[in-house]
Amino acid sequence: MSLSVPDLNLRIIAPVLIVAISALVVLLGELVTSSAQKRGLGYASLVGLLAAGGAAMGLWDAHAVAFREMVRADNFGVFLTLTILAGAVLCILLSFDFTRAHRIETGEYYALILFSVTGMLLMVTAADLIIIFLALELLSLPLYILAAFKREDERSLEAGLKYFLLGAFSSAFFLYGIALVYGATGTTNLARIAASAPSEMLLIGAGLLLVGFAFKVALVPFHWWTPDVYEGAPTTITAFMSVAVKAAAFGAFLRAFLVALPALAMDWRVVLAIIAVLTMTLGNVAALLQANIKRMLAYSSIAHAGYILIALVAMGGAGVSAALFYLLAYTLTNLGAFGAVIALGEGERERLNVSDYGGLARMQPLLAAMLTVFMLSLAGFPPFAGFVGKFLIFGAAVQNGWAWLAVVGVLNSLVSVYFYLRPVVAMYMSEPVEGWGAPRVAPLVALALVLALIGVIALGVFPAPAIALAAGGLGR
Amino acid sequence: MVPFALSLLVLLPLVGAAIVLLIPKGQKSDSLIKWFAVVWSVIPLLLASYLWFVLFDPNASKMQFEEAYLWISSINVRYHVGVDGLSMPLVWLTTLLTVLGLFYSSYVIHERAREFFFMFLLLETGMIGVFVSLDFFLFYVFWELGLVPMYFLIAIWGHAEDRPQYSAIKFFLYTLVGSVLMLLAIIAMYINTSTATTPGTFDLIELATKRPFANDFVFASLAFWGIFLAFAIKVPLFPFHTWLPDAHTAAPTAGSVILAGILLKLGTYGFVRVLVPIFPQVFQANVLPIAILATISIVYGALVAMAQTDFKRLIAYSSVNHMGYVILGVAAAVAIGGANLTDRAIALNGAMLQMFNHGVITGALFFIVGILYERAHTRDLKSFGGLGAKTPVYGAILLTASFASLGLPGLAGFISEFMVFRGAFATLPLIATICVLGIVFGAAMMLWKVIQNVLLGVFDEKRWAEQEKHGVKLYDMTRFEVITLAPLLFLMVLIGVYPSVILNTLNTISVAILGQIVK
Amino acid sequence: MIPLPFYLLLAAALFCIGLFGALARRNAIAILMGIELMLNAVNINLIAFWRYIQPAAPTWDLAGQIFALFVITLAAAEAAIALALVIAIYRSRDTVNVEEVDLMKW
């Protein structure tokens, strides 16, 4: 019996490895640092993430596969890798003072984030359902813990438990879907699945895969965990989940459906179009009713998943690049919005109600202006990143014959304006609320906010380079 | 030649807005901000004046001061700006009204001055941007950019008793509904003009020659009505006008001036710049319904205005009436019929001149209402009377502006309305006849409601003496108020007696536009 | 040899039992057990498919088997996290009934 040596091209997964190693280093560092030195572990994580970003840039245009075609380095994956890393860097910048104020400043916190990032990076480079599944679990398990990280806060624990139960539940469906796809085609490799003949079992498997992805990116009707988990989890983790998980899961979602299942496109496109309509509509309408800003942003993130789904339905190069650009824009914008919420907290108290934002424009004009920009970008106003993203998505939809879906999307973004403006209205037009002082913004939080702001404006005013990078990178 | 003239014009207010934000906090910072903003806003006015009166060639039908750079290469979006006879006067008017608005506000805005002047300058960038954009994507970006500051101007500095937040969000959502439909139409046109090898275009000039959906009347109609709705809401054309009275009543004086003077023009400007050249067939096929909507706006606007007791609401409804003439003129210019090019050009010239005139006249009227409101703290027409004798300067200015508004010969309004009707009688005689009613009602509302109620009659000494104890005092116009209004009054008279100053410019472009679409 | 559909039916039945347990039970631990049952049902599927669908595959292609091993490992990791969460909840709330863990509206 001969044993062939697989092609161990470690360069292809260098970003994943670097983040994984940093996670281990940070975890070990936890043992040898005093409580005053935990901040250093955060800096170490930043270094690891930046190094991974450098390694990822080295993979641009590499177009290589490794490990028996289980992972694939294409520009699609590199773009999402960088998006996720950007999200993680911003999240860690926001975390330094937040974790101290909330007394959860430990090495595990950073290590778990890094482990989760490892899973995300693996997920967007995976070219095999087995790897996608493992990556999905690797990104989810640390997040279950992180959601419950504030152990003395019952809401946080509740968020962790709910997230875990529903997450594990959905992974079982996902796994069943993989098994059926495997049974129908005899392979788990995405490209080889595409090469085999469609069958009923494959269709059922695809449907179960869809359920699994729908849970992770929070599509209606598999969205109901989102508001509770987002509300209960520590705000930095909520921010991280809302962007990075979406980027990673959508990366695998796009890859799985566009690479492996184009033969079934006739079937899943209609289903996804209906889901997109439901997701956008429910997300936006429910967000209208929320008084808690974290819940509002949770529903808004559901709605944004709906917009991105339009890009998947549109398919084609335009759809893929629109989805990638949108994910990047959404990552920066949403982290900015959450960052502003974090920056406005006072010790362990956070401004969670929209009414808490009263009069902030006078106490913190800069921060209020930033939050306004992020909200306008989420609502899709030019000249910010969110507008270009929506423009590309609706353009892709119209181009590929889904004009009605673009109409629904446009009407939805109209509804969304109303709730995105509510904190803005409170900040500029209401009187300050009793019991809140003028917020003091920590330097690192300010740095994260400024970085996000620059990104949001730059992507809005000069979107050409990012669009070019997002175009046509999905390797088959 | 001024390099990057139009880019400068767009960017200067933005830079000014940024500097306003940077002026350090201190005891005198408010007065510094006001002083700076007013002086700074004069620079775009001077630049625009120089461009129009010195460099601009009124006989050239092509775009002038053009700049074009590739902006978003993958979807062929260009930063393409330029002005012609249609946009140049409106750009100039924007810079003028901004200066006047800022100057007036520097005396009456005491709260949150920094934000006010910031928003105002940002608004100017948005408005100029729309007028100079020759790329539909860029046009849309500026279109939306102007929306946000106006929203804040109404919501924050609006009159507290007029539900400013409600009015602001109503204005915002109405405009947004229209503009998102326009966005879809923009995307559709882009995709329709693209081929397998070449990308589509957002360029307004190219679109006018390529005529998207030329062979597909259904899609052309969809795109047309999508864009139509965006502009019709902005104009506002009946039945999309309901946001206007609320927004106007609530807005601070300078906000109302800009809203009436410029923002409404964005809609009619869009009609002439986008709908007529790009969708001539669809427009021609739908001239009748559009002209009927214009008629309703004209007659209904005047009638409702007459029924108002609130001075500012009255002026707001009179805007519905006056903007109706613009749409009537445009419709008359493209209508199918035997009329020759001259008749059509007269109608379009009238429509374009009416845009400019309405900006001048209604801008002035909103200043006048605001000045009265500052003193009396009421806009109820019934509570005034005899102001003509009590405050003669105010009376004279109000009289002039009202006469201009109702179309008295010798003042600006007459010229444009006359031209609109002159053109409309040639192509849409029946509709034009009905619209004459609007003129009658318009005159009635100005004479009967405004002049009689406010200026004539008996001054209620007792009532105002009583009011004076509460710090309400009716006094005549102060110097800064006269300075604010003087340029507008000058323009009313100038255009009234010597319209050629502007008509030559307009005529070149309307002949060019109509020559493209009418055989 | 037992035909493939028998395995598939068994797996589907187990999956449904697990699904029912996960949905119907209110005790967090019982829900977890239901989920574990679902995962193991899939394992049966994976092994059966590997044995029946791929008899001609090269000997190194052990995808189904390896995948099942991964899933078993993963189930263990999941259980560890779940139990930790449940213990933490139990300490603060004295209950592991998910209906009573309802500070936030579903």
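Couple of notes before you dig in:
- No other residue among B:Ile205, B:Ile187, B:Ile191 is assigned to a helix (DSSP H, G or I), over 29 Å from the mean Cα position of the chain (by Cα) and either of a type outside the set (Phe, Trp, Tyr) or within 14 Å of chain A (Cβ to nearest Cβ) (or both) apart from B:Ile191.
Residue by residue, here is whether (1) farther than 25 Å from B:Val177 by Cα; (2) in contact with a Ser or Thr (Cβ under 9 Å, 6 or more places away or on another chain) holds:
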residue	(1), (2)
A:Val388	no, no
A:Phe391	no, no
A:Leu405	no, no
A:Val410	no, no
A:Ser430	yes, yes
A:Arg440	yes, no
A:Leu451	yes, no
A:Ala464	yes, yes
A:Gly475	yes, no
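- From the options A:Leu157, A:Leu161, A:Leu143, A:Leu175, residue that is in a helix (DSSP H, G or I), crowded, with 24+ Cβ neighbours inside 10 Å and more than 8 Å from every other protein chain (Cβ to nearest Cβ): A:Leu143
- Test: residue in the range A:341-349 that is touching a Gly at 6+ places or on another chain (Cβ under 8 Å) and among the basic types (Lys, Arg): no
- Of all residues in the range B:158-168, those satisfying the criterion of being in a helix (DSSP H, G or I) and surrounded by fewer than 23 Cβ atoms within 10 Å (Cβ to Cβ) are B:Ala160, B:Glu161, B:Asp162, B:Gln165, B:Tyr166.
- Any hit, the range A:73-90, residues being crowded, with 24+ Cβ neighbours inside 10 Å, closer than 30 Å to C:Asp61 by Cα and aromatic (Phe, Trp, Tyr): yes
- Flag if B:Ile156 is within 30 Å of B:Tyr373 (Cα to Cα), without any contact (Cβ under 8 Å) to a residue 60 or more places away in the chain and of a type in the set (A, V, I, L, M): yes
- Qualifying residue in the range A:355-363 (condition: farther than 30 Å from B:Ile72 by Cα, within 9 Å of chain B (Cβ to nearest Cβ) and buried (at least 23 other Cβ atoms within 10 Å of the Cβ)): yes
- Evaluated against (1) more than 9 Å from chain A (Cβ to nearest Cβ); (2) closer than 16 Å to A:Leu175 by Cβ; (3) without any contact (Cβ under 8 Å) to a residue 24 or more places away in the chain, C:Leu14 falls short on exactly one condition, (3).
- Put simply, of A:Ala256, A:Ala244, A:Ala194, A:Ala214 the only residue that is buried (at least 22 other Cβ atoms within 10 Å of the Cβ) and touching a helix residue (DSSP H, G or I) at 6+ places or on another chain (Cβ under 6 Å) is A:Ala244.
- Among the residues of the range C:84-106, the ones that are free of Cβ contacts under 8 Å to residues at least 12 places away in the same chain and more than 9 Å from chain A (Cβ to nearest Cβ) come to 5 in all.
- Condition check for B:Val39: assigned to a helix (DSSP H, G or I), surrounded by fewer than 19 Cβ atoms within 10 Å (Cβ to Cβ) and not basic (Lys, Arg): yes
- Residue match in the range C:54-64 (condition: of a type in the set (S, T, N, Q), at the interface with chain A (Cβ under 8 Å from one of its Cβ atoms), crowded, with 17+ Cβ neighbours inside 10 Å and within 17 Å of the chain's Cα centre (by Cα)): no
- Residue in the range B:202-215 that is under 20 Å from B:Leu134 (Cα atoms), basic (Lys, Arg) and surrounded by fewer than 24 Cβ atoms within 10 Å (Cβ to Cβ) present: yes
For every residue, the table says whether it meets (1) more than 23 Å from A:Leu82 (Cβ to Cβ); (2) modelled with pLDDT of 90 or more; (3) assigned to a helix (DSSP H, G or I); (4) away from chain B (no Cβ under 14 Å).
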site: A:Asn334; (1), (2), (3), (4): no, yes, yes, yes
site: A:Arg351; (1), (2), (3), (4): yes, no, no, yes
site: A:Ala368; (1), (2), (3), (4): yes, yes, yes, no
site: A:Ser377; (1), (2), (3), (4): no, yes, yes, no
site: A:Val388; (1), (2), (3), (4): no, yes, yes, no
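- Some residue of the range B:58-72 being more than 30 Å from B:Ile187 (Cβ to Cβ), in contact (Cβ under 8 Å) with a residue 12 or more places away in the chain and either within 14 Å of another protein chain (Cβ to nearest Cβ) or β-branched (Val, Ile, Thr) (or both): no
- Lone qualifier among A:Val425, A:Val445, A:Val354, A:Val415 - being closer than 30 Å to A:Leu278 by Cβ and under 23 Å from the mean Cα position of the chain (by Cα): A:Val415
- Restricting B:Phe103, B:Phe117 to residues that are crowded, with 22+ Cβ neighbours inside 10 Å, more than 11 Å from every other protein chain (Cβ to nearest Cβ) and in a helix (DSSP H, G or I) narrows the list to B:Phe117.
- Condition broken by C:Ala77, with the remaining ones in (1) at the interface with chain A (Cβ under 7 Å from one of its Cβ atoms); (2) surrounded by 14 or more Cβ atoms within 10 Å (Cβ to Cβ); (3) more than 26 Å from A:Glu231 (Cβ to Cβ) satisfied: (2)
- Residue in the range B:44-55 that is within 14 Å of chain A (Cβ to nearest Cβ) and either part of a helix (DSSP H, G or I) or aliphatic (A, V, I, L, M) (or both) present: no
- Cβ-Cβ under 7 Å pairs, at least 6 apart or on other chains, the range A:418-429 side within 9 Å of another protein chain (Cβ to nearest Cβ) and more than 18 Å from B:Thr175 (Cβ to Cβ), far side assigned to a helix (DSSP H, G or I) and among the aromatic types (Phe, Trp, Tyr): A:Tyr428/B:Phe152
- Residue check, A:Arg151 over 20 Å from A:Leu444 (Cβ atoms), in a helix (DSSP H, G or I) and at the interface with another protein chain (Cβ under 9 Å from one of its Cβ atoms): no
- Hits in the range A:228-270 (condition: within 14 Å of another protein chain (Cβ to nearest Cβ) and over 14 Å from the mean Cα position of the chain (by Cα)): A:Asp228, A:Val229, A:Glu231, A:Gly232, A:Ala233
For (1) within 30 Å of A:Ile145 (Cβ to Cβ); (2) of a type outside the set (Gly, Ala, Ser); (3) touching a Lys or Arg at 6+ places or on another chain (Cβ under 9 Å), each residue gets a yes or a no:
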| residue | (1), (2), (3) |
| --- | --- |
| A:Ser242 | yes, no, no |
| A:Arg255 | yes, yes, yes |
| A:Pro262 | no, yes, no |
| A:Val285 | no, yes, no |
| A:Ser300 | yes, no, no |
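Yes/no per residue for (1) closer than 18 Å to A:Ala179 by Cβ; (2) outside any helix (DSSP H, G or I); (3) not aliphatic (A, V, I, L, M):
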{"position": "A:Ile193", "(1), (2), (3)": "yes, no, no"}
{"position": "A:Ala197", "(1), (2), (3)": "no, yes, no"}
{"position": "A:Val229", "(1), (2), (3)": "no, no, no"}
{"position": "A:Arg269", "(1), (2), (3)": "no, no, yes"}
{"position": "A:Ala276", "(1), (2), (3)": "no, no, no"}
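The values are calculated or read from the model by the stated rules, or taken from the named source; none is laboratory data. Model, not experiment: these values are computed from the prediction. In this analysis, Cβ positions are derived from the backbone assuming ideal geometry, glycine residues included, and neighbour counts consider all displayed protein chains.
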